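Participant: Starting off with a structure, shown below.
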Amino acid sequence: MFKHLKQLTSLFAMIAVLFAFTTEAMAKKSKTLKNTQKKGFVRCGVSQGLPGFSNADASGNWTGIDVDVCRAVAAAVLGDANKVKFTPLSAKERFTALTSGEIDVLARNTTWTLSRDADIGLTFVGVNFYDGQGFMVRKSSGITSVDQFKNGISACTNIGTTTELNMRDFFNSRGISYEPVAFEKADEVVAAYDAGRCDTYTTDKSGLAAQRTKMKNPDEHIVLPETISKEPLGPVVRQGDAVWEDIVRWSLNTMIEAEEYGITSANADSMKTSDNPQIKRLVGAEGEMGAAFGLDNEWNLRIIKQVGNYGESYKRNIADTGILPDRGPNQLWTKGGILYVPPAR
Amino acid sequence: MNNKIKRILPQLLTVLFVIFVFGFFTINAQVNMDNRGIDFGFGFLSQEASFDMQFTLLDYDGQDSYLWAYVVALLNTLLVSFLGIIFCTILGVIIGVARLSQNFLIKNSAAWYVEFFRNIPLLLQIFFWYYAALRALPLPENAQPWFGVTYMTIKGYYIPSMIWENLNVFMSCLIAAIVAVIFLRVYAKKIQEREGKQLPVLYISLALIAILPLLSFLIGGVTLDFEMPVLKQLAQTSFIFEGGIALPPELIALVLALSLYTSTFVAECVRAGIQGISKGQKEAAASVGLTPNQILKLVIMPQALRIIIPPTTNQYLNLTKNSSLAAAIAYPDLVLVFAGTALMQTGKAIEIVGITMLTYLSISLAIAALMNWYNKRIEIKEK
């Protein structure tokens with residue numbers, strides 16, 4: 001018996017090596033993807049309530065363009081856009097929640113900056129809203145431009161945001177002394193500004209437009225025309241899972257490219273027979289577009305059918321709600337905006 | 001032999017267990033941080049903070065380092081704790097004594113006060129005072145002066161600031177007066193022990209403390225001017241006060257909420273302390289001819305303090321730790337600035353949370369040590 005032991009061991013070793021090769025080949029399959037499919041829902045971090053981006057209604061349904069990114073990922077990997085577990089996070093908590101593994105996608109109007117991308121174990125996968133920081137003031141103050149700001153002005157804002165840093169750069173470069181009043185939660189900032197604690201409220205312009213709808217008298221406030229910073233907002237994933245990163249990136253890209261080619265949630269199925277191969281690739285009728293992610297071939301079709309293209313999402317969440325009817329830079333590059341994504345092929 | 005093993009083995013196992021737990025967490029954190037490409041280190045402390053703070057005791061600018069931001073934020077936390085402890089002690093003693101009053105109205109008002117403020121969550125009280133104040137207080141342009149020269153507005157409480165000339169002369173006089181008072185007390189005690197004569201220590205002390213600094217104004221060349229807050233227009237309907245000192249409403253609301261809340265617990269400690277002294281003590285003191293004031297000062301309080309101090313120390317510690325709720329209303333304390341903004345900008349979660357925890361631990365231990373020392377001092381000294 002012991003004579004065969006040696007042969008047996010070598011046999012085991014061979015099997016082990018074989019297994020190692022096969023797992024190497026299958027290593028493309030992402031760990032996050034596997035866990036997500038096992039759990040049956042996508043764990044997504046969103047804001048604590050920013051109309052247009054991520055906001056829950058009275059019955060707990062989340063809507064917004066950030067929410068739609070999460071839904072797109074769920075449609076792609078689980079086949080159902082509703083299989084998302086949303087975790088509302090403050091600006092301060094968001095990155096820790098992602099790096100610690102509490103959530104797998106962070107879609108929370110988060111600005112893409114060098115230090116965030118490089119330093120803290122995060123990877124930004126794209127931009128779903130091009131924004132810039134602005135100021136809101138009371139109409140009655142007569143202020144119509146940031147040039148009218150004077151020494152001693154008090155500014156309400158959130159902590160843990162790029163806003164805090166931009167604000168300092170802005171006031172310092174103009175030599176204006178100011179009083180920063182920084183709160184942890186957006187609702188508290190709005191309440192304090194609305195009560196008259198601050199002369200101005202500063203954050204991303206989309207945020208100002210959205211929060212204005214929450215004020216006692218929205219008509220009493222205006223957003224000043226100046227933009228003092230670039231704020232490209234986009235979804236974020238943990239560093240170290242390249243496949244998951246690609247899945248989230250291309251879920252977003254699919255929505256934007258679908259709009260470019262005129263594919264909507266209504267006509268997606270009929271586009272399968274289109275003459276344009278680019279369109280056919282986007283609805284899973286041509287090529288093997290899902291295999292590289294470990295997904296089937298209709299993952300992108302599901303996104304378009306269940307969530308819609310970027311234009312539909314924008315209209316539903318931001319234009320029709322009266323937050324920012326004008327798409328501005330968030331228009332396709334073919335229509336004068338700067339939305340431009342790499343081709344899905 | 002067997003006994004020795006029995007004695008040592010549990011200790012050995014405990015030590016191994018502690019090492020194992022710490023080791024597990026350290027290695028776990030290391031592996032996870034490696035996987036996610038996060039570095040561990042304290043180098044960030046010397047980097048430029050590049051954010052501003054609303055209210056600071058020392059000069060701070062965004063160009064200063066994170067370390068300096070930490071120090072400044074820590075001072076803000078200490079300021080709130082210090083003010084809170086002072087006010088909650090004063091209030092607590094008054095309410096605690098009032099609860100033992102013979103007067104039905106005083107006694108019951110005090111009881112209501114305690115039950116009311118003790119049983120509402122502190123965070124709600126902080127929100128209440130902050131937002132209630134913001135809603136109720138006037139805008140700067142509508143503010144009526146309090147005491148003629150101070151203004152309570154939605155943007156803060158503005159008080160005149162003092163501009164001293166030859167402040168050091170004034171301070172030396174004040175210190176000299178205090179030293180003189182200490183010597184006087186020692187001397188008075190000696191006199192009383194030797195001759196049984198009581199000197200009017202209180203009046204002489206008050207006179208000393210009033211007269212010496214006053215002299216510094218008359219012959220020491222000390223002058224004191226006040227800079228008054230003056231209303232300034234920023235825009236059509238937007239005003240602030242300039243000059244003087246501005247206490248932000250966040251600080252006021254926080255100190256108010258913390259002192260009111262904690263004072264209820266201090267009041268209960270005080271009541272327990274006084275009630276803990278048996279009636280016989282008071283009667284015995286009265287029968288040897290002490291006046292009611294002397295009874296309180298020489299007989300009741302020294303004994304009551306022994307009961308009051310240890311639980312009150314706990315309340316001071318609670319107040320200090322509760323001051324971290326400041327983050328909710330934008331008061332730039334350690335948690336808001338360091339564990340909030342600095343953590344966000346640097347992403348050094350483990351380092352910053354670690355430093356913050358150690359800081360609170362140190363503050364609490366320092367307060368506990370101080371109170372323990374005081375407790376030792378007033379303990380019964382057995383001869």
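The values are calculated or read from the model by the stated rules, or taken from the named source; none is laboratory data. Since this is a predicted model, take the numbers as computed values, not measurements. Here the Cβ is made from the backbone with ideal geometry for all residues, glycine too, and neighbour counts use every protein chain on show.
Participant: Listed residues A:249, A:302; which is touching a Gly at 6+ places or on another chain (Cβ under 7 Å), of a type in the set (D, E, K, R) and surrounded by 22 or more Cβ atoms within 10 Å (Cβ to Cβ)?
Facilitator: On the way: A:249 fails: surrounded by 22 or more Cβ atoms within 10 Å (Cβ to Cβ).
Criteria check complete, one pass: A:302.
Participant: With the requirement that a residue be part of a loop (DSSP other than H, G, I, E, B) and more than 7 Å from chain B (Cβ to nearest Cβ), what does region A:147-156 give you? Please lay out each step first, then the result.
Facilitator: Initially, region A:147-156 is screened for residues part of a loop (DSSP other than H, G, I, E, B), giving A:149-152.
Hits for region A:147-156 are A:149, A:151.
Participant: In addition: Can you work out which of the residues in region A:183-212 that are within 13 Å of chain B (Cβ to nearest Cβ) and polar (S, T, N, Q) is surrounded by the fewest Cβ atoms within 10 Å (Cβ to Cβ)? Spell out how you get there, then give the answer.
Facilitator: Here is the first cut: in region A:183-212, the residues within 13 Å of chain B (Cβ to nearest Cβ) are A:183-202.
After this cut, where a residue has to be polar (S, T, N, Q) as well, the list is A:200, A:202.
Numbers: A:200: 26, A:202: 31.
Per the stated criteria, the residue is A:200.
Participant: Kindly indicate which of B:239, B:217 is of a type in the set (Phe, Trp, Tyr), touching a strand residue (DSSP E or B) at 6+ places or on another chain (Cβ under 9 Å) and either loosely packed, with under 15 Cβ neighbours inside 10 Å or within 26 Å of residue B:55 (Cα to Cα) (or both).
Facilitator: On the way: B:217 fails: either loosely packed, with under 15 Cβ neighbours inside 10 Å or within 26 Å of residue B:55 (Cα to Cα) (or both).
None of the others qualify; the one that does is B:239.
To keep it simple, each residue is scored yes or no on (1) at the interface with chain A (Cβ under 9 Å from one of its Cβ atoms); (2) charged (D, E, K, R).
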residue: B:330; (1), (2): yes, no
residue: B:334; (1), (2): no, no
residue: B:342; (1), (2): no, no
residue: B:345; (1), (2): yes, no
residue: B:351; (1), (2): no, yes
residue: B:362; (1), (2): no, no
residue: B:367; (1), (2): no, no
residue: B:374; (1), (2): no, no
residue: B:378; (1), (2): no, no
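Participant: Can I ask one more? Looking for whichever is closer than 30 Å to residue B:350 by Cβ and not assigned by TED's automatic domain parsing to the domain that holds residue A:246 here; the options are A:142, A:121, A:160. Which one fits? Outline the logic, then answer.
Facilitator: Working: A:142 fails: closer than 30 Å to residue B:350 by Cβ; A:121 fails: not assigned by TED's automatic domain parsing to the domain that holds residue A:246.
Every option except A:160 fails the conditions.
Participant: I would also like to ask the following. Given the structure, is residue B:224 surrounded by 11 or more Cβ atoms within 10 Å (Cβ to Cβ), under 31 Å from the mean Cα position of the chain (by Cα) and closer than 30 Å to residue B:137 by Cβ?
Facilitator: Details: surrounded by 11 or more Cβ atoms within 10 Å (Cβ to Cβ): yes; under 31 Å from the mean Cα position of the chain (by Cα): yes; closer than 30 Å to residue B:137 by Cβ: yes.
It is true that residue B:224 is surrounded by 11 or more Cβ atoms within 10 Å (Cβ to Cβ), under 31 Å from the mean Cα position of the chain (by Cα) and closer than 30 Å to residue B:137 by Cβ.
Participant: Within region A:282-307, track down each residue that is without any contact (Cβ under 8 Å) to a residue 24 or more places away in the chain and touching a Ser or Thr at 6+ places or on another chain (Cβ under 9 Å).
Facilitator: A:283, A:285
This table checks each residue for (1) farther than 28 Å from residue A:99 by Cα; (2) over 36 Å from the mean Cα position of the chain (by Cα); (3) away from chain A (no Cβ under 13 Å); (4) hydroxyl-bearing (Ser, Thr, Tyr).
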| residue | (1), (2), (3), (4) |
| --- | --- |
| B:2 | yes, yes, yes, no |
| B:13 | yes, yes, yes, no |
| B:30 | no, yes, yes, no |
| B:40 | no, no, no, no |
| B:46 | no, no, yes, yes |
| B:60 | yes, no, no, yes |
| B:65 | no, no, yes, yes |
| B:74 | no, no, yes, no |
| B:93 | yes, no, yes, no |
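Participant: Let me ask something else about it. I'm checking my understanding of the structure. Among residues of region A:303-326 that are over 17 Å from the mean Cα position of the chain (by Cα) and charged (D, E, K, R), which one is modelled with the highest pLDDT?
Facilitator: Only one residue fits best here, namely A:305.
Participant: Scan region B:245-273 for residues that are surrounded by fewer than 20 Cβ atoms within 10 Å (Cβ to Cβ) and either within 13 Å of chain A (Cβ to nearest Cβ) or among the basic types (Lys, Arg) (or both) and report the count.
Facilitator: Of the residues in that region, 2 qualify.
Participant: From the list B:251, B:231, which one is assigned to a strand (DSSP E or B), closer than 30 Å to residue B:165 by Cβ and not β-branched (Val, Ile, Thr)? Outline the logic, then answer.
Facilitator: Details: B:251 fails: assigned to a strand (DSSP E or B).
Only one candidate qualifies: B:231.
Participant: Just to check your reading of the model, which residue among A:255, A:215 is surrounded by 15 or more Cβ atoms within 10 Å (Cβ to Cβ) and assigned by TED's automatic domain parsing to the domain that holds residue A:172?
Facilitator: Details: A:255 fails: assigned by TED's automatic domain parsing to the domain that holds residue A:172.
The conditions single out A:215.
Participant: Collect the residues in region B:357-383 that are hydroxyl-bearing (Ser, Thr, Tyr), more than 21 Å from residue B:308 (Cβ to Cβ) and under 14 Å from the mean Cα position of the chain (by Cα), keeping them in residue-number order. Let's see the steps before the verdict.
Facilitator: Filtering region B:357-383 down to residues hydroxyl-bearing (Ser, Thr, Tyr) leaves B:359-360, B:362, B:364, B:374.
This time we only want the ones that are more than 21 Å from residue B:308 (Cβ to Cβ), so: B:359-360, B:362.
Passing the criteria: only B:360.
Participant: Do any strands (runs of 3 or more DSSP E) entirely within region A:46-146 hold 3 or more residues that are under 16 Å from the mean Cα position of the chain (by Cα), and if so, which? I'd like the intermediate steps shown before the answer.
Facilitator: On the way: elements: A:84-88, A:122-124, A:129-131, A:133-138.
Per the criteria, A:84-88, A:122-124, A:129-131.
Participant: Show the residue pairs that are 6+ apart or on different chains and have beta-carbon atoms under 7 Å apart, the first residue being within region B:212-226 and over 9 Å from residue B:169 (Cβ atoms), the second being of a type in the set (D, E, K, R) and surrounded by fewer than 17 Cβ atoms within 10 Å (Cβ to Cβ).
Facilitator: Close Cβ pairs (under 7 Å, with a partner that is of a type in the set (D, E, K, R) and surrounded by fewer than 17 Cβ atoms within 10 Å (Cβ to Cβ)) amount to B:223/B:165.
Participant: Follow-up. Provide a single number: the residues in region B:161-186 that are assigned to a strand (DSSP E or B) and without any contact (Cβ under 8 Å) to a residue 24 or more places away in the chain.
Facilitator: Taking region B:161-186 as the starting set, the residues that turn out to be assigned to a strand (DSSP E or B) are B:161-165.
Then keep just the ones that are without any contact (Cβ under 8 Å) to a residue 24 or more places away in the chain; that gives none.
Residues that pass the stated criteria total 0.
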